Amino acid sequence: MCQLLGMNCNVPTDIVFSFTGFATRGGRTDEHKDGWGIAFFEGAGVRHFVDYESAVASPIADLIKRCPIKSKNVIAHIRKATQGRVSLENCHPFVRELWGRYWVFAHNGDLKDFAPCLDGAFRPVGTTDSEQAFCYLLQQLRRRFGDTRPELDALAPALRELTAEIARHGTFNMMLSDGTALFAHCSTHLHYIVRQYPFATAKLSDEDLSVDFAQVTTPRDRVAIIVTAPLTTNEAWTQFGAGELKVFVEGEPVPL
């Protein structure tokens, strides 16, 4: 299956350190070599990069490692294809508009007998179960709430119901964001960490690379990293429970 990486912060932050370790799993330290992608929110816009080459071979991935794009919400994905051929249109994350905002989605898992009726407002371009699930999520949200984005205390329970419905068809680890919050649902494997003052040094598990975050942050910074499997060897990561949906705002999980 695929792997997911997300970042949610209270100030615009670059993801170079985490992405460097994560991308190594795209064909070097792991087998997720059927494409990759990353999306950065910047104001109302999204910088979106995808490639059907493996993350360890892609020159675009090298660009991301060298270019410290700063964002408060980022979603990245490395793919091991289970449904749909290896092609650009099947690379995550996927992007759609709803309620006048871009939404970004990525999925790790395999859904069986999942063929929702899509009414046309949201349709997949590629042939993955993941993009079908994304279109279905947005379609159902619009049916429930109409043309106006609901507040978080209404949106989060709706997403909990919809992700549980989709997860009945198989493994549904997913990340979703509209740039104001990051939603993460776990079927099998997701972990997170919140880095905040006092910051310490972190060491990647997939690369010989360490960063002393105390040297590159301010005391008010707060960064949540969400990933399929922990990226570092010397930090305490928290594992999601099976079937759990978490919402991250301003660099930390918020109560639902």
**Request:** Please name whichever of Tyr52, Ala39, Gly179 sits farthest to the positive end of the charge dipole of the chain, dipole taken about the Cα centre and charges placed at Cβ: Lys and Arg +1, Asp and Glu -1.
**Result:** Gly179
**Prompt:** Let a ≥ b ≥ c be the square roots of the eigenvalues of the Cα gyration tensor of region 117-256; is it rounded (a/c under 1.5), or, if not, prolate (a/b larger than b/c) or oblate?
**Reply:** prolate
**Request:** For region 3-9, just list the computed ³J(HN,Hα) in residue order, Karplus coefficients 6.51, -1.76 and 1.60, θ = phi - 60°, integers in Hz, with x standing in for Gly and Pro.
**Result:** 9, 10, 9, x, 9, 9, 9
**Complete:** Amide H neighbours of Thr232 at under 5 Å, excluding residues fewer than 5 places away on the same chain, with H built from the backbone geometry, are Ser205
**Message:** Just the number please: accessible area per residue for the chain, 1.4 Å probe, all protein chains included, in Å².
**Reply:** 42 Å²
**Item:** Helix-only [θ]222 nm of the chain, DSSP H runs n ≥ 4, -39500 (n - 2.57) each, per residue, nearest 500
**Value:** -6000 deg cm²/dmol
**Asked** Counting only residues 5 or more places away or on other chains, whose amide H sits under 5 Å from the amide H of Thr180 once H atoms are built in the peptide plane?
**Response** none
**Prompt:** If you put +1 on each Lys and Arg Cβ and -1 on each Asp and Glu Cβ, how big is the dipole of region 79-141 around its Cα centre, in Debye rounded to 20?
**Reply:** 180 debye
**Prompt:** Amide H to amide H under 5 Å from Glu244: which residues, 5+ apart in sequence or cross-chain, H placed 1.01 Å off N in plane?
**Reply:** Cys186
**Asked** So what are the ³J(HN,Hα) numbers for region 59-71, from phi and the Karplus equation (6.51, -1.76, 1.60; θ = phi - 60°), rounded to whole Hz, Gly and Pro as x?
**Response** x, 5, 5, 4, 4, 4, 5, 9, 10, x, 5, 9, 7
**Item:** Rounded to whole Hz, the Karplus (6.51, -1.76, 1.60) HN-Hα couplings of region 161-177, x for glycine and proline
**Value:** 5, 5, 5, 5, 4, 5, 5, 5, 8, x, 7, 9, 8, 8, 10, 8, 8
**Fill in**
Note on region 193-247: alpha-carbon gyration tensor, axes a ≥ b ≥ c; rule is a/c under 1.5 for rounded, else prolate if a/b larger than b/c, else oblate; result oblate
**Item:** Computed log₁₀ I(q)/I(0) - Debye formula, equal Cα scatterers, no solvent, region 166-228, q 0.19, 0.20, 0.28, 0.29 Å⁻¹
**Value:** -0.88, -0.93, -1.16, -1.18
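Of the listed peptides 2-8, 176-182, 227-233, 96-102, what is their order by residue-averaged count of other C-beta atoms within 10 Å, with the highest listed first?
For the peptides 2-8, 176-182, 227-233, 96-102, the packing ranking is 2-8, 176-182, 227-233, 96-102.
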**Message:** In whole percent, and with a 1.4 Å probe on the protein chains, what portion of the accessible area of the chain is carbon and sulfur?
**Reply:** 49 percent
**Request:** Please say if region 59-160 is rounded, prolate or oblate, where rounded means a/c under 1.5 for a ≥ b ≥ c the square roots of the C-alpha gyration tensor eigenvalues, and otherwise the choice is prolate for a/b larger than b/c and oblate otherwise?
**Result:** oblate
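The values are calculated or read from the model by the stated rules, or taken from the named source; none is laboratory data. Remember, it's a predicted structure, so these values are computed and weren't measured experimentally. Every residue, glycine among them, receives a Cβ derived from its backbone with ideal geometry; neighbour counts consider all protein chains shown. For accessibility, only protein heavy atoms count, side chains too; no ligands or nucleic acids. Shrake-Rupley method; radii C 1.70, N 1.55, O 1.52, S 1.80 Å.
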